[in-house]
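The values are calculated or read from the model by the stated rules, or taken from the named source; none is laboratory data. Note that this is a predicted model, so its numbers are computed, not measured. Quick reminder, even Gly has a Cβ in these numbers, built from the backbone with ideal geometry, and neighbours come from all protein chains shown.
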Amino acid sequence: MKYFKFCFIIFSTLFALNAFAQSILEGGDDKYQPRVGQEGKDVVWVPTNNELLAIMLKTAKVNSTDLVYDLGSGDGRIAIAAAKDFGARAIGIEFNPEMAQLAQRNVDRSGVGDRVKIINGDIFVENFSNATVVTMYLLPELNIALRPTILKMKPGTRVTSHAFNMGDWEADVEIDSPAKAFYWVVPAQVAGEWVISGMESGKTILKLSQHYQKIGGTLQVGNELQPLLNPKLDGATLSFTYLDRDKTSHFVMMSVNNNELKGLYKSRSYNDNVITGKRL
Ligand SMILES: C[S@@+](CC[C@H](N)C(=O)[O-])C[C@H]1O[C@@H](n2cnc3c(N)ncnc32)[C@H](O)[C@@H]1O
């Protein structure tokens, strides 16, 4: 009995030591072991917890058609998970050369070298405009500095940030557990006046105001201005309802392509009619 107790204590101690060693080596290998909190160019290294990064990628609906960029990619874990667990291609941009080399070794060890690349570079210099998803764990002021670049990306690009928001660009989704994270969809630029063709009322003027993804406005139907009801902008998809002069409601949904709109609206007879729009 004493012998079994002795074996149990030895085994438990070895197990605890192994777990401790694993936690120190988290993200590191025999060539380089980064320290949580070590200096980076604009922000220190703190890795995102695996549970949270999976929730962030899931919220962004990452899939095999995506190209994910992790800005300040650390040990490469977000880029690796995007490829391994969600089937995406991914690129990590990391300023610290030793960290970037470690991340590339982690990529190769994970067997996703054909879909993941680590660039040793500066997120304020490298071009990530072809991303369909951007992930980051930076600082509030870095998010704000990157915001104009992100807002110029293709409408519909998804963005998720661990811990920090984007100032007055409100998030579409807030994640609260196991830690704080945010999610946005880059909105198309729609503010201004548009002339819509194809509606029963003939040529119709649509006026839109915009604050990031929040929009409002009016539709001129005949001589009357109708407010847009429940207006929404989801990336490049614009939708609203309006009441015509007989108080019949019509649902409109259009996609935005720079200075052109194209979509459908429900006519009085509840048919879907094709409508188009041009910026005035
Ligand atoms: C908080 S860590 C996040 C790491 C990883 N994205 C994650 O969530 O696990 C930030 C990383 O950004 C890197 N970094 C800091 N400034 C950078 C810059 N200007 N360009 C590229 N990487 C940078 C740091 O070296 C660090 O690895």
Next item on the list: Mind listing whichever residues of region 118-135 are more than 13 Å from residue 42 (Cα to Cα) and in contact (Cβ under 8 Å) with a residue 60 or more places away in the chain?
Entry: 130, 131, 132, 133, 134, 135
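Taking the condition acidic (Asp, Glu) and either over 23 Å from residue 150 (Cβ atoms) or more than 8 Å from the ligand (Cβ to nearest atom) (or both), does residue 114 pass? So that I can check it myself, show each step before the final result.
Numbers: acidic (Asp, Glu): yes; either over 23 Å from residue 150 (Cβ atoms) or more than 8 Å from the ligand (Cβ to nearest atom) (or both): yes.
The answer is yes for residue 114.
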Next item on the list: Name, by its number, the condition in (1) among the acidic types (Asp, Glu); (2) without any contact (Cβ under 8 Å) to a residue 12 or more places away in the chain; (3) over 28 Å from residue 87 (Cα atoms) that does not hold for residue 176.
Entry: (3)
Check: Within region 242-280, can you find the residues that are touching a Lys or Arg at 6+ places or on another chain (Cβ under 9 Å) and either surrounded by fewer than 13 Cβ atoms within 10 Å (Cβ to Cβ) or among the hydroxyl-bearing types (Ser, Thr, Tyr) (or both)?
Finding: 246, 248, 249, 255, 258, 259, 272, 274, 276
Notebook entry, point to check: What residue, of 276, 218, 241, is in contact (Cβ under 8 Å) with a residue 40 or more places away in the chain, in a strand (DSSP E or B) and over 25 Å from the mean Cα position of the chain (by Cα)?
Noted result: 276
Note to self: On the basis of being surrounded by fewer than 18 Cβ atoms within 10 Å (Cβ to Cβ), more than 18 Å from the chain's Cα centre (by Cα) and more than 13 Å from the ligand (Cβ to nearest atom), does residue 170 make the cut?
What the structure shows: no
Margin query: Quick check on region 10-38: of everything there that is exposed (fewer than 10 other Cβ atoms within 10 Å of the Cβ) and either within 11 Å of the ligand (Cβ to nearest atom) or modelled with pLDDT of 95 or more (or both), which residue is farthest from residue 124 (Cα to Cα)?
Written below: 30
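Looking at region 191-202, is at least one residue crowded, with 21+ Cβ neighbours inside 10 Å, among the β-branched types (Val, Ile, Thr), free of Cβ contacts under 8 Å to residues at least 60 places away in the same chain and not assigned by TED's automatic domain parsing to the domain that holds residue 71? Reasoning before the result, please.
Looking only at region 191-202, we keep the residues that are crowded, with 21+ Cβ neighbours inside 10 Å, and these are 194, 196.
Going one step further and asking which of them are among the β-branched types (Val, Ile, Thr), we end up with 196.
When the remaining residues are screened for being free of Cβ contacts under 8 Å to residues at least 60 places away in the same chain, the result is none.
No, that holds for no residue.
Could you tell me whether residue 134 is surrounded by fewer than 17 Cβ atoms within 10 Å (Cβ to Cβ), at pLDDT 95 or above and within 14 Å of the ligand (Cβ to nearest atom)?
Numbers: surrounded by fewer than 17 Cβ atoms within 10 Å (Cβ to Cβ): no; at pLDDT 95 or above: yes; within 14 Å of the ligand (Cβ to nearest atom): yes.
Spelling it out, it is not the case that residue 134 is surrounded by fewer than 17 Cβ atoms within 10 Å (Cβ to Cβ), at pLDDT 95 or above and within 14 Å of the ligand (Cβ to nearest atom).
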Checklist line | All positions within region 77-111 that are within 19 Å of the chain's Cα centre (by Cα) and away from the ligand (no atom under 13 Å from the Cβ) | finding: 83, 84, 85, 86, 87, 88, 89
Note to self: Give all pairs with beta carbons closer than 6 Å in which a residue from region 56-76 that is closer than 10 Å to residue 119 by Cα and within 15 Å of the ligand (Cβ to nearest atom) meets a residue that is hydrophobic (A, V, I, L, M, F, W, C) and in a helix (DSSP H, G or I); count only pairs at least 6 apart in sequence or on separate chains.
What the structure shows: 73/79; 73/103
Item checked: Any pair with Cβ under 9 angstrom, 6 or more apart, that starts in region 27-49 at a residue that is without any contact (Cβ under 8 Å) to a residue 12 or more places away in the chain and ends at one that is assigned to a loop (DSSP other than H, G, I, E, B) and among the charged types (D, E, K, R) -> 36/26
Notebook entry, point to check: Would you say residue 149 is within 16 Å of the ligand (Cβ to nearest atom), crowded, with 20+ Cβ neighbours inside 10 Å, over 30 Å from residue 264 (Cβ atoms) and not small (Gly, Ala, Ser)?
Noted result: no
Note to self: Just to be sure before I move on: is residue 124 aromatic (Phe, Trp, Tyr) and within 13 Å of the ligand (Cβ to nearest atom) in the structure I sent?
What the structure shows: yes
Notebook entry, point to check: Can you tell which of 177, 161, 209 is hydroxyl-bearing (Ser, Thr, Tyr) and under 22 Å from residue 263 (Cα atoms)?
Noted result: 209
Next item on the list: Within region 86-104, identify whether any single residue is in a strand (DSSP E or B) and surrounded by fewer than 21 Cβ atoms within 10 Å (Cβ to Cβ), and answer yes or no.
Entry: yes
